[in-house]
Amino acid sequence: MAHSEMNSALPRNPIAALLHPWTWRMAWRDSRSQRARLVIFSLAIVAGVAALVSIHSLKESVQQGINTQAKSLLGSDLMVSSREPIRDEDAAKLNRYATRSSRETSLSSMMFFPSTNGARLVQVRAIDGAFPFYGKVKTEPAGAWQKIQQEKGVLLEPALLDQFRVKVGDTVKLGSAELPILGVVTDPAPQSSRFSGFAPEVYLGRNQLEATGLMGVASMSTHLMQLKLPAGTDAVALKKKLQEDFADAPWRLETPEDRQQNLGDALDNFQRFLAIIALAALVLGAIGVAGAVHAHINKRVPVIAILRCLGCPGNVAFGIYLIQAAVLGLIGALLGAAVGIGLQVSVLTFFAGDLPFEIPIAPQWGVVLQTTAAGFGVCCGFALIPLLKIRRISPAATLRGGAMLAGRNWLAATPVYLLLAGLLVLLSIPGDSNWKRALAMVAGLAGAFLVLLLVAKCLTWLSRKLVRPSWPYLLRQGISNLHRPHNQTVLFLLSLGLGTFLLVTILLTGNLLKGKLSVSQLAESPNLYLIDVQPDQEPGVREVVKNQGLPVLESAPMVTMRIASIRGIPVQDLLKEKKVPRWLARREFRSTFRTELNSTETLMDGEWKTQRDGADAPAPVSLEEGIAKDLGVKVGDSITMDVQGVPIETQVTSIRQVDWSKFNLNFFMVFTPDVLADAPGFHVVTTKAPDAAASGNLQRELVRGFPNVTAIDLAVVLETIRKIVDGISQVISVLAGFTLLAAIPILTGTFLNGRDLRVRESVLLRTLGASARQVRIILLIEYAALGFLSAVTGLALAVGANAVLATRVFKASPWPDFWILAAAFAVTTGLSILGGILLGRGVNKTSPLEILRSGV
Amino acid sequence: MSSASSNPEIGRKQGPVLEVRGLRKTYGSGDRELTVLKEIDLQLAAGDTCAIIGPSGSGKTTLLGLCAGLDDASAGSVLLDGQAVEALSQDARAALRNRLVGFVFQNFQLIPTLTALENVLVPLELRGETGRRKDAEAILGDVGLSKRLGHYPLQLSGGEQQRVALARAFIHRPKILFADEPTGNLDAETSAPIVDMLFRLNREAGTALVLVTHDPGLAAKARRVIKMGAGTIISEEENGAL
């Protein structure tokens, strides 16, 4: 049989069918009476893409802001630091890569306050050039920062003025130089490391350092060179190149990226949250689109059956509706992109004054293009799920009325679902550099989808079994709608349930993240460290702190030590083989001993030991996970420590994760008390002073009774960090709010799907004599049941997802906020009931004759 | 009004345009299996006319759907112009229908988003024939709708919609036309000219006609009348001798 002879002129090949002019013409003609409905479908895409574009654009803007902030934390694009002076010829070589540079020499020295006869160990920072290149140093009076480059004089931290009762204009003595106080620094210059000094900072021009005579005797100076690189230079790549070119130089190189990592968990969590929120927005929009397309195709089943009956190839019929979906999708995506840009710019403009970042208020065109394309692609992908059913519409539907889209052919649809899952994974990876986490998120979504499907099937089965003839008619009718042919139970639960799940997960996660970032938590962080407290002085220092009305937040013993060997191999040998970083091998570790983990530590591996297993057993040591990674050791490995000349055999018994962002007393190595209790060391006591005056008063009192105790005031540093986390917290709230936008298409799609069938049934009931109230109650019961179950299942899934994200990703409490759950339950069920009520009103406003004649 | 149409001799020489052998259709499975058609054999020559009558649920419409390749039989075979329908893919069947078959339905089945003229043009457009607008206008004029070319189905009366359906069914000169209760939705006054048109076009185009109807008057106009009951052919008579 020669099939080719029977071929109609319209092609059967899907691509040729899609490109055929008649397919396009028919797509246009078919849209004639459907344009209002198609506009709603288009609006669904507008909302989805708008949410996607605004979230990604904001993410990019915030990222740029964070990058700038990280740069301002470093003050430059690349910092070179060294314990030895940077030679002029090396500085000249470094200058070739930079557009501007600045040099700094810092050292510890005593500063004398002649007017009050006081003295204090300070960190002297002698700076030249226009440093910082990013961010600003704020002084009182303004302009004092520039003044120290031209005039003789110093800038001090406010606490020093309080402590020694001096004021701007008074003279201080630094080394052999007498220098006037030109002002105080309220926002300090970026530091070479977070704890660059154990003393208050004093700034002066680098050209004045020689006059102090300090360089001649100070052997513990640090030399920095800060570089501003030409725009577009890859600082990380340059850092690598310099490390190779200057392999013998004892330099430490740092880029803003390194500094950004040092900001701690806050930014990591923020990035992870953005990845989740972006994926959720994408899926929310896509579900809405799938629902809207399903509703549209369902209404076109009779037309498709006629076309098939008249000889239209399946691929042409499919092509007609694919074109409609794609064209409207494209228009929707472009409009969505415009709305998204508008939202992004509006939010940035609105929050500009409140955010500590300098965020560029401009569209992120690259991101807009990418996300619009991705949103369009994913929406079209999800639209394929209902569109592919077109091929299964039988022409026999022309002979019998009431034909609707067939149910899912799971086997045939599996490749589409796999394709969509793959697409989502691909789109998730740029949002989260950890591909396993991206995969887990998509797998979680698939799991939620299956759970909702199962619940829907159970509800269908249960409603069939439960309904009894003895029930009141309206209740029976409403519940029976859940299992009758062409019921909307599965579609409703999948769309509204999945929507609830995603939105509530976003809200819960955003909430836990905000809680983790909350200023109140940071407010509990210490801001004043008292070091060099001798063991016998510890009770006395505690007393002084308490007498000042300040809390003693922590008190920890500290013992200094070095690494002698790892797994029996001397550290010098490991260094030669480059198996450990040089800085690590030479580092003097300040370790502590205690029996409990503190609130900022999480045990990641091994067992937390409180004492040595036996007199001959190696000393148990718990390592911070980063240092364990750098040393290349794991639980069970042996390390020999040199504790001030005494070798101690240790065994790594546990690995801890430490949240350094809280500024609590934390240590790379923690021992059991029985190992180090007798070792020579000192204590560190931390407290929190509410203001500079309180800090000054405490330091004055300490100098009287405990002159050897040094106070480190971190108030200014903490305030900077507080501003950053506060800003992030605000942006999280805004982004979580944006995902609500993406819920609009879901609601639209869900209600459109059920509308036609229910309207026809309800009109028939009205024709047969049912009152408007009876019709409303039937619809109310059905939609309340669907809304209730969608809400309960969606919320249960969200609570589970939140628990997993909290414990596995964000290291936070897994307990959800009850009020978010309660509000989400009320809103989901309420919206569903509202949908039922509106449908009931629509039915009562529609003429039965109109419906019966049009054969909706 | 013409009597039963008859020029089947030519068709007999050419071979049957429709041949049905041992056709069976069941729904469901196991204990819930329902047989709606059993062991149907039928032949129709080119240009011949045949009416299928019987009570509701006797399997008339199911038989028509199977003959036109709209549905799949559970057993047996349908040959349209010598082509075994069951051996063809859905697309190949669609192409076969487009080439050989015309349809008229009880509920007209016009595409609501197309005008009368566009509805008539669809079968031609599906086979890639463009530039046949004049033919479509002519056939619509032939059925008395020359002034209703740009109207949408909802703007036409039931009789007018069925006349558009007739024009659509004959525009591509099919070898066989299946009509499912073509006057079922129309009153007697509106039905008469539709029936006349149906048989006139049948004669002029040499199209074989399969009519499913409850109307004995309409059935009497066909050369053969097949009476169905409980899914089988009860009787078959010729020349309106019902």
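Scanning region B:143-160 for residues that are at the interface with chain A (Cβ under 9 Å from one of its Cβ atoms) and outside any loop (DSSP other than H, G, I, E, B) returns a single hit, B:LEU154.
Condition check for A:LEU399 on (1) modelled with pLDDT under 80; (2) crowded, with 22+ Cβ neighbours inside 10 Å; (3) aliphatic (A, V, I, L, M); (4) farther than 30 Å from B:GLN90 by Cα: one failure, at (4).
For region A:287-303, a tally of residues being facing chain B (nearest Cβ under 10 Å) and of a type in the set (Val, Ile, Thr) returns 1.
Residue count for region A:306-323, restricted to those that are at pLDDT below 90 and more than 11 Å from every other protein chain (Cβ to nearest Cβ): 0.
Being outside any loop (DSSP other than H, G, I, E, B), in contact with a helix residue (DSSP H, G or I) (Cβ under 8 Å, 6 or more places away or on another chain) and hydroxyl-bearing (Ser, Thr, Tyr) is a description that applies to A:SER61.
Would you say B:THR49 is more than 21 Å from the chain's Cα centre (by Cα), on the phi < 0 side of the Ramachandran plot and modelled with pLDDT of 90 or more? So B:THR49 does not fit the description; no. Reported count of residues in region B:95-109, each being more than 8 Å from every other protein chain (Cβ to nearest Cβ) and part of a loop (DSSP other than H, G, I, E, B), is 2. Condition check: more than 20 Å from B:ARG133 (Cβ to Cβ), more than 12 Å from chain A (Cβ to nearest Cβ) and of a type in the set (Asp, Glu). Does B:ASP180 satisfy that? So B:ASP180 does not fit the description; no. Pairs linking a residue in region B:153-179 that is free of Cβ contacts under 8 Å to residues at least 60 places away in the same chain to a residue that is of a type in the set (Ser, Thr, Tyr) and surrounded by fewer than 23 Cβ atoms within 10 Å (Cβ to Cβ), with Cβ atoms under 6 Å and 6 or more positions apart or on different chains, are B:GLY159/B:THR190.
Being hydrophobic (A, V, I, L, M, F, W, C) and more than 7 Å from chain A (Cβ to nearest Cβ) is the filter; apply it to region B:119-142 and report the residue that is surrounded by the most Cβ atoms within 10 Å (Cβ to Cβ). Only one residue tops the list, namely B:VAL120.
Against the conditions (1) modelled with pLDDT under 80; (2) assigned to a helix (DSSP H, G or I); (3) at the interface with chain B (Cβ under 9 Å from one of its Cβ atoms), A:ARG29 satisfies every one except (1).
Among all residues of region B:18-39, there is at least one that is away from every other protein chain (no Cβ under 13 Å), crowded, with 23+ Cβ neighbours inside 10 Å, of a type in the set (A, V, I, L, M, F, W, C) and in contact (Cβ under 8 Å) with a residue 60 or more places away in the chain. Within region A:792-819, being of a type in the set (S, T, N, Q), surrounded by fewer than 21 Cβ atoms within 10 Å (Cβ to Cβ) and in contact (Cβ under 8 Å) with a residue 60 or more places away in the chain holds for one residue alone: A:SER813. The listed residues are B:ALA92, B:ALA51, B:ALA116, B:ALA75, and the only one of them that is more than 8 Å from every other protein chain (Cβ to nearest Cβ), touching a His at 6+ places or on another chain (Cβ under 6 Å) and either in contact (Cβ under 8 Å) with a residue 24 or more places away in the chain or under 30 Å from B:GLU19 (Cβ atoms) (or both) turns out to be B:ALA116.
Against the list (1) touching a helix residue (DSSP H, G or I) at 6+ places or on another chain (Cβ under 8 Å); (2) surrounded by fewer than 22 Cβ atoms within 10 Å (Cβ to Cβ), the condition A:SER346 fails is (1).
The values are calculated or read from the model by the stated rules, or taken from the named source; none is laboratory data. The shown structure was predicted, so the numbers you read here are calculated from the model rather than taken from an experiment. Virtual Cβ from ideal backbone geometry, glycine too; neighbours counted across all protein chains shown.
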